[in-house]
Amino acid sequence: MTWRRAVSAAVVLVVAVAAVGGWRWWHERPPYGPEALHLRSSLEFVGYDEAQAALGPTYQAPVTSAGDQLVLGRLSWRTPPTPLNGGYFALFLIDKRTGYKPPVFGVSAPQESVGMGNAGVENRIPDRYPWLRGAGDIRVGDGWLSAGTRLAIGDVGASPVTFVALFPHLERPLRDLPMASAPVTLPDLLLAMVYLGPDGQVYWAQRLHG
């Protein structure tokens, strides 16, 4: 290979690396930051009747037993400058002492707008935001185990969202189950919203409480 060919090959390589880096930067760049949403939220403990009244007659509050706790949360935002286009907002309520999430929510929102569950791409969140270690699954042996559930908001028009999280009172040996349980206090809780892109990009995370 002559020196001219070597220089040409090096230039092509540099250009290719720069192109990949530029595409990756553009691909991971959020369409907007959390400040564009003017997020507002609140958390409070309520009884079952208060929880059901807050959700309304169309939606069911979690049923409680002795020792269980219910946390009522409200979240609102302004319509963002661009649609989600396949992305979604993930809303996490986490017991900071354990990193666990509650096992169930009652939500006042159209079913197609807000869902419960977990997604594998959310395991990337703690890598970027260590304070959100409870957002992902927990490793058990060679696999992963969901430690409770979160809310996924796929429609920017769902605001405001009212939710009720159940923190069950667990007797032994159920206390070892990977879910947030009673008793908890409001300072124990972390409420955060994460914007994930259509390809699993972790655009940003915003702490709302705790």
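For region 136-145, does any single residue satisfy the condition of being within 15 Å of G99 (Cβ to Cβ), β-branched (V, I, T) and either modelled with pLDDT of 95 or more or within 12 Å of the chain's Cα centre (by Cα) (or both)? Spell out how you get there, then give the answer.
Going residue by residue through region 136-145, those that are within 15 Å of G99 (Cβ to Cβ) are 136-140, 144-145.
Keeping just the survivors that are β-branched (V, I, T) gives 138, 140.
Next cut, either modelled with pLDDT of 95 or more or within 12 Å of the chain's Cα centre (by Cα) (or both) only: none.
No, region 136-145 has no match at all.
Report yes if some residue within region 81-99 is among the polar types (S, T, N, Q), over 17 Å from Y203 (Cβ atoms) and surrounded by fewer than 17 Cβ atoms within 10 Å (Cβ to Cβ); otherwise report no. So that I can check it myself, show each step before the final result.
Let us first name the residues in region 81-99 that are among the polar types (S, T, N, Q), namely 82, 85, 98.
Checking which are over 17 Å from Y203 (Cβ atoms) leaves us with 98.
Narrowing the set further to residues that are surrounded by fewer than 17 Cβ atoms within 10 Å (Cβ to Cβ) leaves none.
For region 81-99, residues among the polar types (S, T, N, Q), over 17 Å from Y203 (Cβ atoms) and surrounded by fewer than 17 Cβ atoms within 10 Å (Cβ to Cβ): absent.
G67 - would you say it is surrounded by fewer than 16 Cβ atoms within 10 Å (Cβ to Cβ) and within 14 Å of the chain's Cα centre (by Cα)? Give the steps one after another, and end with the answer.
Values: surrounded by fewer than 16 Cβ atoms within 10 Å (Cβ to Cβ): yes; within 14 Å of the chain's Cα centre (by Cα): no.
Criteria not met by G67.
Within region 85-103, work out how many residues are touching a Gly at 6+ places or on another chain (Cβ under 9 Å) and either of a type in the set (V, I, T) or assigned to a strand (DSSP E or B) (or both).
From region 85-103, those touching a Gly at 6+ places or on another chain (Cβ under 9 Å) are 85-89, 91-96, 98-103; that's our starting set.
From what is left, the residues that are either of a type in the set (V, I, T) or assigned to a strand (DSSP E or B) (or both) are 88-89, 91-95, 98, 100.
The total comes to 9.
Given the structure, is R124 in a strand (DSSP E or B) and open to solvent by 30 Å² or more (accessible area, probe 1.4 Å)?
On the way: in a strand (DSSP E or B): no; open to solvent by 30 Å² or more (accessible area, probe 1.4 Å): yes.
The answer is no for R124.
Please work out if R74 is over 20 Å from L196 (Cα atoms), at pLDDT 95 or above, open to solvent by 50 Å² or more (accessible area, probe 1.4 Å) and in a strand (DSSP E or B). Lay out the reasoning, then the answer.
Working: over 20 Å from L196 (Cα atoms): yes; at pLDDT 95 or above: yes; open to solvent by 50 Å² or more (accessible area, probe 1.4 Å): yes; in a strand (DSSP E or B): yes.
When the stated conditions are applied, R74 passes them.
State which residue is farthest from T79 (Cα to Cα) when the search covers only region 159-181 and only residues that are surrounded by fewer than 16 Cβ atoms within 10 Å (Cβ to Cβ) and in contact (Cβ under 8 Å) with a residue 40 or more places away in the chain.
H169
The values are calculated or read from the model by the stated rules, or taken from the named source; none is laboratory data. Everything numeric in this text was worked out from a predicted model, so none of it was measured. Don't worry about glycine lacking a Cβ; one is built from the backbone with ideal geometry, like all the others, and counts go over all protein chains shown. Areas reflect the complete protein model, heavy atoms only, side chains present, ligands, DNA and RNA absent. Shrake-Rupley method; radii C 1.70, N 1.55, O 1.52, S 1.80 Å.
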